[in-house]
Every structure is written in structure tokens, then in C-alpha cells.
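Nothing in this text is a laboratory measurement; each read-out follows from the coordinates by a stated rule. Note that this is a predicted model, so its numbers are computed, not measured. Cβ coordinates were reconstructed from backbone atoms using ideal geometry, including for glycine residues, and neighbour counts include every protein chain displayed.
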Amino acid sequence: MSGAPARPVRVVVCDDQMLVRTGLVTIIDAQPDMEVVGECADGRIAVELAEKKRPDVVVMDVRMPVLDGIEATRLLAGSGVPDPVKVLVVTTFNLDEYVYEALRAGASGFLLKDAPPDRLLHGIRTVASGAALLDPEVTRQLVGRYASRIRPSEDDGVREVPLTPRELEVLRLIADGLSNSEIAVALVISQETVKTFVSRILSKLQLRDRVQAVVYAYRRGLVS
């Protein structure tokens, strides 16, 4: 006897450009495993919709009227939010300076606005599942472009990082955008061992996911 079909991934789309928003809604709603439960043109309404609809993922633009995507993300997924919502931020290359702030605000991942539809859909599914929350290829592209803007704060230092040398090695590879399988190959260990290291790193540093691990690594000057 087959089990009940899986509930579709519930998505809210927030973008102030009507054509872009309509395109996103059309692409997402066409998927049998996804359902758009709300759409809006500013961050304030996105927060209200998310609180009302409780979507699995909010696809969030950065630059919007009333409340921008970064502040909206902070309200939905920032530190101290008791029941955070996963946010997937969409951006363009000329908005790189916003990417880091969006991740610090609590975003679970980010995509380029000109990404093909299959990349968008993969990103939504990935964020919804809570699995690998950063697409390694996109991470390499964007981190490489905005990393120079991330300066370690004066209070931060490698000596304060409570990790073993091996854990530091894994953290640096995560920040370089490597997937678990790539880290396993690089360190000649099993993927299960990598998963154990990643879980231990997140637990020790009290980080929610790989996105926060990347931000942490750059803030501490562990990668350049």
C-alpha cells in the first residue's frame, strides 16, 4: 500500500518587478511538488504573508520599496526569531554588496536573478529540505566577488575559534564552496565523516546552517 503523496513545497514570492514576479510564480506553480501560496511587491507584506501562510520558503528580492529584502529577511529568519522561515534571496551581480548582508540577516541561500529555471527550482527544493543550503557553484561565483568586502572585525581572531585543526580545515572548504562529496575527495575521507564534521562545526559554533558557516569563516578571516 503506497503512502500519501508528499505535501507540496509552499512558496511565497516577493519581488517589486511585476514581470519578474509573474515569471517566478508561473515557473514555480507549474511544478507538481510546489505551490505558490502568496506573492507581493514589498518586504513588509512579505513578512505579513509569511506569518499568515507559513510557507516553506520565501523567494525574496533585495531592493524593494517600504521594506527591503534584507530587513524583511531579518524579521523572518534573523537571530532571535522564535519560528524562522527559510528565505531564498535572489540578486544580481551588480548587487553583490547586499548578498553578505542578506546572509547575515538569516537567508538560507541565494541565487542569481538570471539563473535558469531549473537552478531556481533546485534552490527552492534545497532550501525547503534543509539539506545543502548553498549551491557550491553559485557560492564560488558570488563569494569570490563579495569576499573582499567582508572584513574580519577587530574583536574576531582565529585563536578564538573553538575548532580542532581538522574541523578548521573542513570549515575552510565549506567557505570555499565545496560540497560534502568534494570535501570528502579533497580530504580522502567518507561523505559520512564529512557530515559528522559539518554537524560538529555547526554545533560548536552555534550556527544554523552552512550559509552561516561561510559568513563565520569570512568574518574570522579564516579564508581570503
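Before moving on, here are some points about what is shown:
- Extreme residue, positive dipole direction of the stretch 152-219, given options PHE197, ALA186, VAL211 (C-beta unit charges): PHE197
- Listed pairs LYS52/LYS86; LYS53/LYS204; LYS86/LYS113 exceeding 22 Å between Cα atoms: LYS53/LYS204
- Overall form of the stretch 1-64 per C-alpha gyration tensor (a/c, 1.5; a/b vs b/c): oblate
- Counting charges near LEU202 (Lys, Arg +1; Asp, Glu -1) among other residues having Cβ under 13 Å from its Cβ returns a value of +3.
- A Förster radius of 22 Å, combined with the Cβ-Cβ distance separating ASP83 from LYS195, puts the computed FRET efficiency at roughly 0.25.
- With each label modelled as a point 7 angstrom along the Cα→C-beta vector, the GLN206-MET18 pair spans 4.7 nm.
- The local environment of ALA41, defined by Cβ-Cβ distances under 11 Å, has a net charge of -3 under the rule Lys, Arg +1 and Asp, Glu -1.
- Nearest-20 debye value, the stretch 152-219 charge dipole, Cβ charges on Lys, Arg, Asp, Glu: 200
- In this label model, ALA186 and ARG125 are separated by 2.6 nm, measuring between points 7 Å along each Cα→Cβ vector.
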